[in-house]
Amino acid sequence: MLAGVNQEDEVEDSYFDYCPWDFALRASSAQRAAQAVYQRTLVEAGASLGPRCHVSKAAAVFTDVLRLGADSYIAGYAYVTGEVRAGRDCSVNPYATVRGRVTLGDGVRIGAHASLLGFNHGFAPEQPVHRQPLTSEGIVIGDDVWIGSNVVVLDGVTIGDHCVVGAGAVVTKDLAPWTIAAGNPARPLRDRRGHGGSRAATPEAGLGDALAEFAERARAQAADVLARCWTDDTGRYSDRPGVPATVRAHCDAVEIADLLLGAPPEQLAAAEHAERLRVLQDPVSGLVPELTPGGEPAMLAAPSGDGWIEDGAAEYHVLSVGYALELLGSRFAHPVHVVERMTAGQLVARLEALPWRAQAWSAGAWVDCWATGAYRNREIRSETSGGPGTLEALFGWLGTRVDPWTGMWGTAPSPAEGRLQLVNGYYRLTRGSFAQFGLPVPYAERVVDTVLAHARDPRWFAAGRQNACNVLDVAHPLWLAGRQTRHREGEVRAWAKEQLAWALGNWHDGAGFGFGPAGEGGSGPGREPGLQGTEMWLAIIWLLADLVGVADRLGYRPRGVHRPEPVRSPMFTMPPQCLP
């Protein structure tokens, strides 16, 4: 029996004292309820806790001020006192000490047994130490910082963004951004970006410089890219000048602005952007149809026998509109009813009927839509969407239908047609299911083999033949599988560097990226720069850069449809037999 797991396969409370990062996925309903009650007592005492935080009841939390951003946690047996303010995605691991005035940025990791001591004793000779006054200059930790186990950070120290402090170090002086430091007292060893210090510059460092220059250029021109696609007369966005306005174009504009500018597009206030999108949702089906030439929502088709409505654009809008609203601080006005009303039996029947052999992309896209709709409904209903066991049925079906030889769902239609449908369908399926819910993909090494074989196909990946869909649908599976295995890592990095060097040269000043050559069957908006191409290539460049290890040079991280993090929401309790 695994430690922390009882005979009924329920995780014991003590497990989360040491592994709080697993709480969202593995805690029972009773454990979530108990955590909610405990957090209310902290809030009533003056704490501020963002969504999806976890604070172990075994931690000693006696703060005057406690602020935790979303997705942050304090593990068991940590000792936290004074004025502690943390951003998003911060962790205080078991037995760590955080005392005094301490401020953490976003994405800070504090290792077990580390001590951040944001106060000090006087030690003048004229009186005993225990009678000396306390002083507090405070400790400030930037974004994306890793404080290793048994590190001590003394009062008055500032640690810049992106630093790494090696285990056992004693930090007595400020550390500049990007510093890797270790020792007692801690000394800078080198620059985390791979240049400077005692390490010679690497090829990745040169690529990192190119990424930083590109990102600065894109940010400077982002407002022009968006304004080019906005029509004052209609108050709508088009993908590019001269084509009709679409729902996706509006969502792409929101994602681009969030990524590059950290704000909504300047054409409207955030609330106005959100309302423009919210009113498009059909209250009966919960879907968002495409716009008519007059700018009104189109009529949806009649539902099929299981209640589903066949409409490719509306299915994608479950993703694009849902994530755009999330970036705007809003959400759908209604549940996605076509998902909510589907029973487990109906879901399995539809999964069985999807065109896995001839059109694996369409099959994967349907799974992406359904699973994302279930996530969105959870926001509104605060309960799992669909009839009893629907999400478990989805993952159970996927776990038993995956091909162990390829790691894929479906098969390539023929050698002549290649693996395009197979791999592109894998991306859409795993994006909405395994990646979105933070579950490991089955047969990760076989996934890498299959995707790399496809990535060598010159029909899709010879220089000048790439389009955004095809490159994304290779980059993301390699990135996702790479979180579980280092299988053929060198080949993955080499492919990513090649595609990255090509992509960076395709930015059009003031207009952004083109989608690329029309895909199979003439799909996709083509080579002309537009919002869809820009939104997708910005995310692709981040994924490629992360595969190479230089994504931090971009200064941005996708937060919408193509975000790398799972939703981190306690959607459902997955039975072990459903896990791959």
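The values are calculated or read from the model by the stated rules, or taken from the named source; none is laboratory data. Keep in mind it's a predicted model, so treat the numbers as computed, not measured. For neighbour counting, all protein chains shown are included, and Cβ atoms are generated from backbone atoms with ideal geometry for every residue, glycine included.
Of the residues making up the range 538-554, those that are buried (at least 23 other Cβ atoms within 10 Å of the Cβ) and among the small types (Gly, Ala, Ser) are ALA539, ALA545. The residue that is farthest from the chain's Cα centre (by Cα), among those in the range 65-79 that are of a type in the set (A, V, I, L, M, F, W, C) and surrounded by fewer than 21 Cβ atoms within 10 Å (Cβ to Cβ), is VAL65. Listed by first and then second residue, the pairs with beta-carbon distance under 6 Å, at least 6 apart or on different chains, first residue in the range 474-501 and closer than 16 Å to ALA453 by Cβ and in contact (Cβ under 8 Å) with a residue 12 or more places away in the chain, second in a helix (DSSP H, G or I) and hydroxyl-bearing (Ser, Thr, Tyr), are PRO477/TYR426; PRO477/TYR427.
I'm checking my understanding of the structure. Among residues of the range 85-97 that are in a loop (DSSP other than H, G, I, E, B) and either outside the structural domain of ALA24 (by TED's automatic domain parsing) or of a type outside the set (A, V, I, L, M) (or both), which one is surrounded by the most Cβ atoms within 10 Å (Cβ to Cβ)? Among those residues, the one meeting the criterion is CYS90.
Would you confirm, using the coordinates I've provided, whether THR411 is surrounded by fewer than 24 Cβ atoms within 10 Å (Cβ to Cβ), of a type in the set (Ser, Thr, Tyr), modelled with pLDDT under 95 and more than 25 Å from GLN281 (Cβ to Cβ)? So THR411 fits the description; yes. Only a single criterion out of (1) in contact (Cβ under 8 Å) with a residue 24 or more places away in the chain; (2) aromatic (Phe, Trp, Tyr); (3) more than 30 Å from ARG190 (Cβ to Cβ) is not satisfied by TRP146, namely (3). Could you tell me whether VAL98 is within 30 Å of GLN39 (Cα to Cα) and touching a Cys at 6+ places or on another chain (Cβ under 7 Å)? Considered against the rule, which asks whether it is within 30 Å of GLN39 (Cα to Cα) and touching a Cys at 6+ places or on another chain (Cβ under 7 Å), VAL98 comes out as no.
All conditions in (1) touching a residue at least 24 places away in the same chain (Cβ under 8 Å); (2) within 28 Å of GLU392 (Cα to Cα); (3) surrounded by 13 or more Cβ atoms within 10 Å (Cβ to Cβ) hold for SER29, with the sole exception of (3).
GLY490 passes every criterion in (1) surrounded by fewer than 23 Cβ atoms within 10 Å (Cβ to Cβ); (2) assigned to a loop (DSSP other than H, G, I, E, B); (3) not charged (D, E, K, R) apart from (2). Residue check: is GLN35 touching a His at 6+ places or on another chain (Cβ under 7 Å), part of a helix (DSSP H, G or I), closer than 23 Å to VAL567 by Cβ and free of Cβ contacts under 8 Å to residues at least 40 places away in the same chain? Yes.
Yes or no, residue by residue, for (1) in contact with a strand residue (DSSP E or B) (Cβ under 6 Å, 6 or more places away or on another chain); (2) among the basic types (Lys, Arg); (3) part of a loop (DSSP other than H, G, I, E, B):
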residue: ALA30; (1), (2), (3): no, no, no
residue: THR41; (1), (2), (3): no, no, no
residue: VAL80; (1), (2), (3): yes, no, no
residue: GLU83; (1), (2), (3): yes, no, no
residue: ARG99; (1), (2), (3): yes, yes, no
residue: HIS130; (1), (2), (3): no, no, no
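The rows are residues; the columns are (1) part of a helix (DSSP H, G or I); (2) modelled with pLDDT of 85 or more; (3) among the basic types (Lys, Arg).
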position	(1), (2), (3)
ILE180	no, yes, no
ASN184	no, yes, no
PRO188	no, yes, no
ALA205	yes, no, no
ALA212	yes, yes, no
ALA215	yes, yes, no
ARG219	yes, yes, yes
ASP233	no, yes, no
ARG240	no, yes, yes
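Where residues in the range 435-482 are at pLDDT 95 or above and aromatic (Phe, Trp, Tyr), which of them is farthest from GLY373 (Cα to Cα)? Selected residue: TYR443.
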